[in-house]
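Chemist: Got a structure for you, questions after.
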Amino acid sequence: MRNDAMISARERLGKSQRAAAAEAGVALERWVDLEKLNYAGCSSAYLEEIAVAIAVYLGLAVDEIAPDEVLGLNLTSTVVQTRTVSTQVLLEATTSRDRRLCLPDPIITVERAETVKAIKTVLKTLSFREREVLTLRYGLDESGKECTIEECGRIFRVTPGRVRQIEERAIRKLQNPARANRLKGAS
């Protein structure tokens, strides 16, 4: 069995499973599972989070990704108007209380973009490994996903203790007045 709606939407975008999963901020294994209609091993809350991210990315209704019975929800979705917005912005805009879409204030969005730009500029002054550890640990990349120390250790093939040392050294460097002043001006 396959999720034909999900597969055809991905193919319309001309994306591989790996590329689509990365752009949607979803683990490749979960993407493949949902395309194969394999819902085992996922809690309904986690499955809902993944289904929403994929639905937003592909422009589909959540129930086309995972049926309401699987999610244990009674969700309805209607697309009134479409426009290009990043997946992360849409996920942040969805309130968990009532599932209505509330787009962020444009001024806050601009301020946040300026802050992110300042952070990226300061991070460029760090070594590659320090920069990547902080990016992964605090979700500073496009996906916004934070990794645990153990996950970072697996990525860099070092112990969690070594990741902690790299993270602490990078934070000490960022606390240096020369770098810290650049960030204060952005906030």
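The values are calculated or read from the model by the stated rules, or taken from the named source; none is laboratory data. In this text the structure is predicted, and so the values were computed from the model without any measurement. Ideal geometry is used to build each Cβ from the backbone, glycine not excepted, and the neighbour counts take in all protein chains shown.
Chemist: Kindly provide the set of residues from the stretch 11-27 that are at pLDDT 85 or above and in a helix (DSSP H, G or I), ordered by number.
Modeler: E11, R12, L13, Q17, R18, A19, A20, A21, A22, E23
Chemist: May I pose another question? Quick check: is even one residue across the stretch 46-53 modelled with pLDDT under 80, more than 24 Å from G139 (Cβ to Cβ) and crowded, with 19+ Cβ neighbours inside 10 Å?
Modeler: no
Chemist: To continue, here is another question. Of everything in the stretch 143-169, what is surrounded by 14 or more Cβ atoms within 10 Å (Cβ to Cβ) and in contact (Cβ under 8 Å) with a residue 12 or more places away in the chain? Give them in sequence order.
Modeler: S143, G144, I149, E151, C152, F156, V163, R164, I166, E167, R169
Chemist: In the stretch 118-151, what residues are under 20 Å from V26 (Cα atoms) and acidic (D, E)?
Modeler: Across the stretch 118-151, the qualifying residues are E132, D141, E142, E146, E150, E151.
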